[in-house]
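J.: My questions all concern the structure below.
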Amino acid sequence: MRTASMRILIFGATGRTGRELVSQALRRGQNVSSFVRSPGKLTVVDTRLRVVQGDIQRAESIHAAVPEHDAVLSALGPRVQPAALTNVPLTESYRVRVRNCRGRLLPTISRADVAHFILEELENPRHIRQVVPLCY
Ligand SMILES: NC(=O)c1ccc[n+]([C@@H]2O[C@H](COP(=O)([O-])OP(=O)(O)OC[C@H]3O[C@@H](n4cnc5c(N)ncnc54)[C@H](OP(=O)(O)O)[C@@H]3O)[C@@H](O)[C@H]2O)c1
């Protein structure tokens, strides 16, 4: 089930996963605010895309950016739950919510599919307050 259009703030929007989040969210009809420290790095132009310049380490940047959004997505952070990130194209076919990715020497997941999972979860929440490793 697709929800009505949301206003989404994305931290780390210039990163490799962040760029996937931005482009896939726009394709899904969402309105996106990209929180970036270097707007020149953002190559996407879209009428539903707004650029917010700021530094995630400065609280005032975040306080100014968050209001008037329905959701905040982050592609920042420590070496989070995804397996080794790759740049292979979107597959929309991956394993979710396994304890770990046994049976693989080096589990992988593409940035495109991480972005896909995040946006699916946003529109149709199934794993609230759960840690969910993803891999193929
Ligand atoms: N690479 C892997 O194999 C791997 C594996 C597991 C987990 N992860 C984690 O998955 C996440 C995404 O990975 P990725 O490869 O997509 O990362 P990435 O390409 O390095 O992107 C990182 C993003 O964070 C932004 N950023 C960092 N410090 C910032 C600050 N102070 N203020 C504003 N923005 C800031 C960067 O902005 P700039 O463009 O301005 O630098 C960039 O947009 C990361 O948390 C990473 O640790 C990665």
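The values are calculated or read from the model by the stated rules, or taken from the named source; none is laboratory data. Just so it is clear, the structure is predicted and the values come from calculations on it, not from any experiment. FYI the Cβ positions are ideal-geometry reconstructions off the backbone, even for glycines, and counts take in every protein chain you see.
Condition check ((1) at pLDDT 95 or above; (2) more than 13 Å from the ligand (Cβ to nearest atom)) across all residues:
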| position | (1), (2) |
| --- | --- |
| V32 | yes, yes |
| V51 | yes, no |
| A71 | yes, yes |
| R79 | no, no |
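J.: Okay, next question. Got at least one residue in segment 54-63 being under 26 Å from I109 (Cα atoms), within 13 Å of the ligand (Cβ to nearest atom), under 15 Å from the mean Cα position of the chain (by Cα) and among the β-branched types (V, I, T)?
T.: no
J.: Can you tell which of Q57, Q53 is within 17 Å of A75 (Cα to Cα) and free of Cβ contacts under 8 Å to residues at least 12 places away in the same chain?
T.: Exactly one of Q57, Q53 is within 17 Å of A75 (Cα to Cα) and free of Cβ contacts under 8 Å to residues at least 12 places away in the same chain, namely Q57.
J.: Still on this structure, I have one more. In segment 4-30, what residues are among the polar types (S, T, N, Q), more than 10 Å from the ligand (Cβ to nearest atom) and surrounded by 13 or more Cβ atoms within 10 Å (Cβ to Cβ)?
T.: If the condition is that a residue be among the polar types (S, T, N, Q), more than 10 Å from the ligand (Cβ to nearest atom) and surrounded by 13 or more Cβ atoms within 10 Å (Cβ to Cβ), then S23, Q24, Q30 are the ones that fit.
J.: Touching a helix residue (DSSP H, G or I) at 6+ places or on another chain (Cβ under 7 Å), within 14 Å of the ligand (Cβ to nearest atom), in a strand (DSSP E or B) and modelled with pLDDT under 95: does that describe L85?
T.: Answer is yes for this residue.
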